[in-house]
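**Student:** Here it is: the structure, laid out below.
The values are calculated or read from the model by the stated rules, or taken from the named source; none is laboratory data. Note that the structure is predicted; figures quoted are calculated from it, not measured. No Cβ is skipped: glycine too gets one built from the backbone with ideal geometry, and neighbour counts run over all protein chains shown.
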Ligand code: AMP
Ligand code: GLY
């Protein structure tokens, strides 16, 4: 890539803030811009006030700002074809087109590709008719795993031992239209027990390079209790399986998926994110995402040395140069500050006092999400407000640093989990959990 690249990151959450923070450290990057970003991102980076769904204005802005690379953070614009539209306009984009993004936007599509590629995954069956789905429950659980086929903002999966709850979720999707088009089809899936792990691969359509693995804490409350959320915290590396497991993920999951997609004329260019379960049957894929994980990105990127911009540029060009990136030693931990009522009853009230002081600390990073800068305060303005991240020689040291910082925060209307990165994961996605 040219010695001074200009990179535009599309999105407005903690993942995008972390991407921008990391890209800005690359020596070959001259400016990182956000579209639209958020107030915290705006402290350090220039924001283009263009929505993620406005492809025409984004393409125009790329020309006007002489953007060398666009990195698209969230799934919704990828699924809607933003990468295709920008490529058509002659812009270099890191992120899959709409067809390839079906790996995330249709769980059944992902299952079909997995079957073709012989990737290990739970048995599943699709249903569009509520009575047929309810009758089929006998062949699957308890516990039952029911998934809306399409996008559902992280809320489209129900794992339960309660048959009435299972049936109610089927009705919510197929009769009441809870997830609109995303829930018109559901999957019943075999329950997998074990330990969860996230693996992300930077892909150029044929080749890939794996980033350090991470563990994401999805449940709302301490002890992995409560509903699933968009992510209460994360740590990396996952410290499970090590290099052998990574090699296995590459060989049994990422490589065959890329081959199967390419065979269908859908070369996958972007981040292929595999949500994995390690259990009695070994490695199994739970889901694919077509983008960087949130909050995994907040802990994986701090563990990379070298030029992330060069790596992503080479992938976007279809000629991956994995040597652009090396791994830094140590561990990273990030904890989410969330709205007190997150995820079910977000109030958007109150403020996080003391966040400003943490932003000044040298060995910590604050990645902002729904934090609004308002009359000299960081106001809670949505579910996930900000992530506090530290990197240290050990996971324990990184965790202590983060929690010591969080202990200094005051204000109202927010909370965080107290057990992120505490113990090696045992069982997640608990059999009786919601
Ligand atoms: P997903 O949105 O597909 O990542 O699912 C959300 C969560 O539901 C996962 O992180 C798991 O904890 C749980 N889950 C999904 N599929 C299964 C499965 N087949 N067996 C057990 N737990 C699952
Ligand atoms: N952390 C899960 C996701 O990004 O979907």
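Conditions tested, residue by residue: (1) away from ligand 1 (no atom under 12 Å from the Cβ); (2) under 23 Å from residue 370 (Cβ atoms).
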| position | (1), (2) |
| --- | --- |
| 149 | no, no |
| 157 | no, yes |
| 165 | yes, no |
| 168 | yes, no |
| 190 | no, no |
| 203 | yes, no |
| 218 | no, yes |
| 231 | no, yes |
| 235 | yes, yes |
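**Student:** When region 265-275 is examined, which residues are found to be away from ligand 2 (no atom under 12 Å from the Cβ) and crowded, with 21+ Cβ neighbours inside 10 Å?
**Tutor:** If the condition is that a residue be away from ligand 2 (no atom under 12 Å from the Cβ) and crowded, with 21+ Cβ neighbours inside 10 Å, then 268, 269, 270, 272 are the ones that fit.
**Student:** From the list 156, 183, 177, which one is within 16 Å of ligand 2 (Cβ to nearest atom) and either within 27 Å of residue 383 (Cβ to Cβ) or surrounded by 22 or more Cβ atoms within 10 Å (Cβ to Cβ) (or both)?
**Tutor:** Every option except 156 fails the conditions.
**Student:** If I go through region 276-315 residue by residue, how many of them are more than 16 Å from ligand 2 (Cβ to nearest atom), closer than 19 Å to residue 104 by Cα and buried (at least 23 other Cβ atoms within 10 Å of the Cβ)?
**Tutor:** Counting residues in region 276-315 that are more than 16 Å from ligand 2 (Cβ to nearest atom), closer than 19 Å to residue 104 by Cα and buried (at least 23 other Cβ atoms within 10 Å of the Cβ) gives 0.
**Student:** Further question: Could you tell me whether region 268-289 includes any residue that is without any contact (Cβ under 8 Å) to a residue 12 or more places away in the chain and out of contact with any helix residue (DSSP H, G or I) (no Cβ under 9 Å at 6 or more places or on another chain)?
**Tutor:** No, every residue in region 268-289 fails to be without any contact (Cβ under 8 Å) to a residue 12 or more places away in the chain and out of contact with any helix residue (DSSP H, G or I) (no Cβ under 9 Å at 6 or more places or on another chain).
**Student:** A follow-up question, please. Please enumerate the residues belonging to region 205-216 that are away from ligand 1 (no atom under 15 Å from the Cβ) and either closer than 21 Å to residue 145 by Cβ or in a strand (DSSP E or B) (or both).
**Tutor:** 205, 208, 209, 210
**Student:** I would also like to ask the following. Do you know which residues across region 3-19 are surrounded by fewer than 24 Cβ atoms within 10 Å (Cβ to Cβ) and outside any strand (DSSP E or B)?
**Tutor:** Of everything in region 3-19, those that are surrounded by fewer than 24 Cβ atoms within 10 Å (Cβ to Cβ) and outside any strand (DSSP E or B) turn out to be 3, 4.
**Student:** Given (1) buried (at least 17 other Cβ atoms within 10 Å of the Cβ); (2) closer than 20 Å to residue 18 by Cβ; (3) at pLDDT 95 or above, where does residue 324 come up short, assuming only one miss?
**Tutor:** (3)
**Student:** OK, next. Does residue 252 satisfy the condition of being part of a strand (DSSP E or B) and away from ligand 2 (no atom under 16 Å from the Cβ)?
**Tutor:** no
**Student:** Another question, if that's okay. Condition (residue is away from ligand 2 (no atom under 16 Å from the Cβ) and part of a loop (DSSP other than H, G, I, E, B)) applied to region 102-113: is it met by at least one residue?
**Tutor:** no
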